[in-house]
Amino acid sequence: MAQRQIKLGAFIPLTSQHAAGWRLPQARPEQHLSIDYAIELAQTAERGLFDAYFLADGLSVNWSHAASKEAQNLGLGDKVVGFEPITLFAAISAVTKHIGFIATASTTYEEPYLLARKFASLDHISKGRAAWNVVTTVASEAAANFGTAHPDAKLRYQRADEFIEVTQKLWDSWQDDAFIYDKTSGRFFDPDKLHEPLHQGEFFHVKGALNVPRPPQGYPVIVQAGQSEDGRELAAKYAEVIFTAQQDLADAQEFYRDVKARLGKYRRHADDLKIMPGVSVFVAKTQQEAQEKYQLLNSLIHPQVGLGLLSGLAGTADLSQYDLDAPFPELDPNLITTSR
Ligand SMILES: Cc1cc2nc3c(=O)[nH]c(=O)nc-3n(C[C@H](O)[C@H](O)[C@H](O)COP(=O)(O)O)c2cc1C
């Protein structure tokens, strides 16, 4: 049997992944916009043989329920601002060699031509280490930053499907050997190796070609994290990696089986898609120290931030009307907004 190797991704925002990580005495929250610190984190991950460094992203301040509205008004959430991932990875790629870069970008609010161009550039700059975490942007707050209404989930996924199709066509604009640099004839490229996508679809009309040569990887690695029916289908069609965050083994196994079973429909092999479940690891010299660290971190979560996180997990807009010290309530179905 072929030897299989575990793939490791580091999912580390500059202020830490844990909601209260930045409040630990040794944490350096003031460095959350420090390129030197970002480089230190990525180089540490590379030294530790991680395959990829992942940066989540959103397009509004209150994008992830990491902070409830109240928490934000009190200035509590730490995951509300940060570097734009593609820009940051371009800088980090110059001082690393092997680690891959998974940058999150939205198919709802970006344009295929602009995004295909940015990822093609990142793939060239990093010498083939770029990956795109395709998100449809759940947080409706983003719409207000684009002068538009937030499309419903179904429509967002339809657009995502065509969006990826267009970006792939754009990445195929130039054949790998299109550039010939023939000083004698004066031909920089071979026009037979240039293909305009001429895409006419439901959401996009894009003539092309892309004004960046074909990325070294062909296509940057497509990563996806959708959990819904449409999200799973999109992953089965295009993704090489899918992130999941199931909270128990049975759910995780069900998800794995379900997503892998969908690949055949797209003439793909089950191994063409890697499933990477998220785990939070608390590291210390002994188990007891790790346990203490875990407890300390959790004790530092501000109740309003915890409430915001719980609201996000419960799929509701706002749990603040419930008593913090009472047992978890029966939720009013009118508050549940998971179907977005
Ligand atoms: C590990 C993980 C990371 C995610 N990162 C982001 C992100 O950076 N930005 C974002 O808008 N959504 C992010 N999401 C949300 C997903 O893109 C997706 O919207 C969510 O899992 C719900 O799936 P659904 O839209 O198919 O219902 C992430 C989800 C997971 C599980």
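Every read-out reported here was derived from the displayed coordinates using simple, explicitly stated rules and does not represent laboratory data. All values derive from a computational prediction rather than experimental measurement. For neighbour counting, all protein chains shown are included, and Cβ atoms are generated from backbone atoms with ideal geometry for every residue, glycine included.
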For region 88-228: relative contact order, % (alpha-carbon pairs under 8 angstrom, 6 or more apart): 31
Among Q200, Q175, Q227: highest mean-square fluctuation, GNM of the chain, C-alpha pairs under 10 Å: Q200
Cut-off of 10 Å, at most 12 other beta carbons, DSSP loop: longest stretch of the chain lacking such GluC sites (Glu not before Pro): 1-201
Relative contact order (percent, whole number), region 171-326, Cα cutoff 8 Å, 6+ residue spacing: 13
Chain lengthening between I35 and H98 when straightened (0.36 nm per residue, less Cα-Cα): 20.8 nm
Efficiency of FRET between D271 and A144 - r from beta-carbon atoms, R0 51 angstrom, step 0.05: 0.75
Computed label-point distance, nm, for sites R187 and Q3 using a 7 Å Cα→Cβ extension: 4.6
Radius 15 Å from Cβ of Q246, net charge of other residues (Lys, Arg +1; Asp, Glu -1): -1
Residue among A225, A52, A144 with the largest mean-square fluctuation in a Gaussian network model of the chain, springs linking Cα atoms under 10 Å: A144
Cα gyration tensor category, rounded, prolate or oblate, for region 69-164 with a/c compared to 1.5: oblate
Alpha-carbon Rg with Dmax, taken over region 1-117, Å: 15.8, 56
5 angstrom amide H check on M276, placed H, neighbours 5+ away: I242, F243, T244
Share of Cα-Cα pairs in region 179-224 lying beyond 15 Å, as whole percent: 63
Label-to-label distance, nm, for residues given as E162 and L249 (7 Å Cα→Cβ offset): 4.5
Structure-based [θ]222 nm, the chain - -39500 (n - 2.57) summed over DSSP H runs of at least 4, per residue, nearest 500: -10000 deg cm²/dmol
32 Å tail of the calculated P(r), the chain, as % of Cα pairs: 35
Pair Q26, Q291: separation of 7 Å Cα→Cβ label points (nm): 2.0
Whichever lysines have a C-alpha closer than 24 Å to that of K97, once near sequence neighbours (fewer than 8 apart) are set aside: K7, K118, K127, K274
Trypsin sites (Lys or Arg not before Pro) within region 114-177: DSSP coil, no more than 13 neighbouring Cβ in 10 Å: K127
Net +/- balance of residues flanking L115 in space, Cβ distance below 14 Å, scoring K and R +1, D and E -1: -3
Highest-fluctuation residue, A116, A326, A290 considered, GNM on the chain with Cα pairs under 10 Å: A326
